[in-house]
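The values are calculated or read from the model by the stated rules, or taken from the named source; none is laboratory data. These numbers come from a predicted model, not from an experiment. Using ideal geometry, Cβ is built from the backbone for each residue, glycine included, and neighbour counts are taken over all protein chains shown. The area values use the complete protein model at the heavy-atom level, side chains included, leaving out ligands, DNA and RNA. Shrake-Rupley method; radii C 1.70, N 1.55, O 1.52, S 1.80 Å.
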Amino acid sequence: MNHCGTLRLETERLVLRRFTQNDASAMFKNWASDEEVTKFLMWQPHADIEVSKSVLKDWINRYPDNKFYQWAIVLKDNGDEPIGGISVVHMDEKVAMAHIGYCLGKKWWHKGIMSEALKAVMDLLFDVAGFNRIESRHDPNNPNSGKVMLNYGMKYEGTLRSADWNNQGICDASYHALLRSER
């Protein structure tokens with residue numbers, strides 16, 4: 001593994017960068033306080049901006065660790081305001097596997113933004129950090145999250161019944177993954 005941490009990435013429409021404390025207001029407003037956005041996630045909507053500030057403080061303190069991967073998603077034609085986030089939420093170095101999680105404000109859903117961000121992150125994780133497998137999962141009741149995975153070529157591997165939980169309670173977990181050799 002050649003961990004590189006949260007490097008700045010750019011795509012045609014996006015800048016993926018480290019969060020700063022100045023992002024608290026945008027984070028709270030654009031996605032973290034929205035019950036519809038967090039419906040299928042494992043963390044509760046932020047009750048107030050202080051929760052967003054606390055989360056950001058933790059992430060910012062972790063950026064010096066080159067095994068920490070947490071990006072703010074910024075739409076280039078929207079200034080420097082983050083509209084969501086994407087990160088490695090779990091990794092297993094023994095098998096060179098990274099598990100990706102992501103969240104996007106609903107105003108920007110269905111525009112290919114998250115698929116574009118996922119591609120940029122996966123390219124970095126495969127080509128620079130040296131991961132062999134990148135996976136993600138979603139609740140089957142949230143099929144659009146699975147479509148993001150399929151848009152970059154992740155393969156559906158199966159659904160584990162009652163094997164996960166989110167803000168809806170115990171749920172099934174549909175897994176998708178891509179191996180470096182499959183790109």
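Entry comment: accessible area of the chain is 51 Å² per residue, from protein heavy atoms only and a probe of 1.4 Å. For Lys94 and Asn142, what does the FRET efficiency come to when R0 = 25 Å and r is the distance between their Cβ atoms, rounded to the nearest 0.05? The pair Lys94/Asn142 has a calculated efficiency of 0.25. Measuring with a 1.4 angstrom probe and ignoring ligands and nucleic acids, Ser33 comes out at about 40 Å² accessible. Relative intensity of segment 129-176 on a log10 scale, I(q)/I(0) at q = 0.16, 0.18, 0.19, 0.21 Å⁻¹, equals -0.45, -0.55, -0.60, -0.70, per a Debye sum over C-alpha point scatterers of equal strength in the absence of solvent. Residues within the reach of a label modelled at Ser25 (point 7 angstrom out along Cα to beta-carbon, backbone nitrogen below 17 Å), restricted to segment 59-95, are 78-84.
Counting only DSSP beta bridges with both residues in the chain, the antiparallel share comes to about 85 percent. Per the Cα gyration tensor, the chain maps to an equivalent ellipsoid with semi-axes of 23, 21, 16 Å, ordered largest to smallest. If you roll a 1.4 angstrom probe over the protein chains with everything in place, what fraction of the accessible area of the chain belongs to carbon and sulfur, to the nearest %? With neighbouring chains kept in place, the figure for the chain is 48 percent.
Note on Val74: accessible area approximately 0 square angstrom, rounded to 10, probe 1.4 Å, nucleic acids and ligands left out. Separation of segment 1-60 from segment 108-180 is 18 Å, based on Cα centroids.
Could you tell me the accessible area of Val51 in Å² (1.4 Å probe, neighbours in place), rounded to the nearest ten? Roll a 1.4 Å probe over it and Val51 shows about 60 Å². Result for the chain in a Gaussian network model with C-alpha springs under 10 Å: among Gly84, Gly153, Gly169, the largest mean-square fluctuation is at Gly169. Here the label points at Asn151 and Asn61, each 7 Å from Cα along the C-beta direction, are separated by 3.5 nm in the simple model.
Taking 20 Å as the cut-off, the amide N atoms of segment 131-175 that come nearer than this to a point 7 Å along the Cα-to-beta-carbon line of Glu36 belong to 139-148, 167-169. Available extension along the chain between Arg13 and Ser54 is 11.9 nm, counting 0.36 nm per residue and deducting the alpha carbon span.
In terms of distances greater than 23 angstrom between alpha carbons, the cross-link table entries Lys53/Lys111; Lys94/Lys147; Lys39/Lys94; Lys29/Lys107; Lys107/Lys155 yield Lys53/Lys111; Lys94/Lys147; Lys39/Lys94; Lys107/Lys155. The largest accessible area among Thr159, Thr6 belongs to the first residue in Thr159, Thr6, and the rest follow in falling order (1.4 Å probe, all chains). In the chain, the calculated helix contribution to ellipticity at 222 nm averages -7000 deg cm²/dmol per residue, counting -39,500 (n - 2.57) for every DSSP H run with n ≥ 4. Under the convention that each Lys and Arg Cβ holds +1 and each Asp and Glu Cβ holds -1, the size of the dipole of the chain around its Cα centre is about 240 debye. Dividing the Cα radius of gyration of segment 84-183 by 2.2 N^0.38 Å, with N the residue count, gives 1.04. These residues, Thr20, Thr11, go from largest to smallest accessible area, 1.4 Å probe, as Thr20, Thr11. In the elastic network of the chain, a GNM with C-alpha springs shorter than 10 Å, the most mobile of Asn142, Asn30, Asn61 is Asn61. Surface listing: Arg137, Arg183, Arg161 arranged by accessible area from highest to lowest gives Arg161, Arg183, Arg137, probe 1.4 Å. Projecting the Cα positions of Tyr156, Ala32, Ala47 onto the charge dipole of segment 26-183 (unit charges on Cβ atoms of Lys, Arg, Asp and Glu, taken about the Cα centre) puts Tyr156 furthest along the positive direction.
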